[in-house]
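Enquirer: A single structure is presented below for examination.
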Amino acid sequence: MRQINLLPKPRQEDFRYMAVLGGLYLAFWITMASFILVLLIQFSVKVYLGRQLQSFQGQIGQLRTQVDKKENSQIKGQIKNINNRIADYKNLAENSPKWSKVLKAFAVLPPAGVKITSLNVNFGPKSVAISGLAPTRELVIALYDSIRKDDKNFYNIDYPLENVIKSNNVNFHFTFYIKDDLLK
């Protein structure tokens, strides 16, 4: 069956334009609806992800405080141990006399030919006990005199008489004290 349109041509074009306009309106409303739908989906995803981010940040903050507490206690313990070792070393270094200066000061005193066989240092009273062998009595006396003359470093030198009984191959021993200035 065949349809015949008896409307005038301008009126027929108006109907065509109205049909095209109706299709455009439909496409516009479908586009707007999908745009609004996509916009709502994006907004809800943004809100959801924002809440998830806050939740994760809160959990990360809690984990950091837990880890920091453990690490801080370990690090603080290590730092305390190191500081204690350093303090022990400083105390030991400050309380230990500088004996190398004593040895330097004493090393120039014995005359040639005198052999020092032992040198004992007593840390408490800051005394030195030496013993040795000298070929003659005069060298023992010269050693005593050189120690006695060095009064800026040493004092209170004992002079046992058994050091000068023999005239040759004399075994001797002296005890004397160190001044505090030499130990600094």
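Enquirer: Only residues in region 136-157 that are assigned by TED's automatic domain parsing to the domain that holds PHE106 count as the first member; pair them with residues that are among the hydroxyl-bearing types (Ser, Thr, Tyr) and outside any helix (DSSP H, G or I), Cβ under 7 angstrom, at least 6 apart or cross-chain, and list the lot.
Expert: Sorted first by the residue in region 136-157, then by its partner, the pairs are THR136/SER167; ARG137/SER167; TYR144/TYR159; PHE154/TYR177; TYR155/TYR177; ASN156/TYR177.
Enquirer: Looking at (1) outside any helix (DSSP H, G or I); (2) assigned by TED's automatic domain parsing to the domain that holds GLY132; (3) of a type in the set (D, E, K, R), which is the one condition that is false for LYS104?
Expert: (1)
Enquirer: Now for a separate question. Are there any pairs, at least 6 apart or on different chains, whose C-beta atoms fall under 7 Å, with the first in region 1-16 and free of Cβ contacts under 8 Å to residues at least 40 places away in the same chain and the second surrounded by fewer than 10 Cβ atoms within 10 Å (Cβ to Cβ), and if so, which?
Expert: GLN12/ASN5
Enquirer: Given the criterion outside any helix (DSSP H, G or I) and surrounded by 11 or more Cβ atoms within 10 Å (Cβ to Cβ), identify the matching residue among SER131, SER118.
Expert: SER131
Enquirer: Next question. Quick one: would you say ASN5 is polar (S, T, N, Q) and under 33 Å from the mean Cα position of the chain (by Cα)?
Expert: Criteria not met by ASN5.
Enquirer: Looking at region 104-125, I want the residues that are over 15 Å from PHE174 (Cβ atoms) and have a partner that is assigned to a loop (DSSP other than H, G, I, E, B) with Cβ atoms under 8 Å, at least 6 apart or on another chain. Which pairs are those?
Expert: Cβ pairs passing all conditions: PHE123/PRO97.
Enquirer: Related question: Of the residues that make up region 4-19, is at least one surrounded by 10 or more Cβ atoms within 10 Å (Cβ to Cβ) and outside any helix (DSSP H, G or I)?
Expert: Yes, some residue in region 4-19 is surrounded by 10 or more Cβ atoms within 10 Å (Cβ to Cβ) and outside any helix (DSSP H, G or I).
The values are calculated or read from the model by the stated rules, or taken from the named source; none is laboratory data. It should be emphasised that the depicted structure is a prediction, and the values quoted were computed from it without experimental measurement. When we count neighbours, we look across all protein chains shown, and the Cβ atoms used for this are built from the backbone with ideal geometry, even at glycine.
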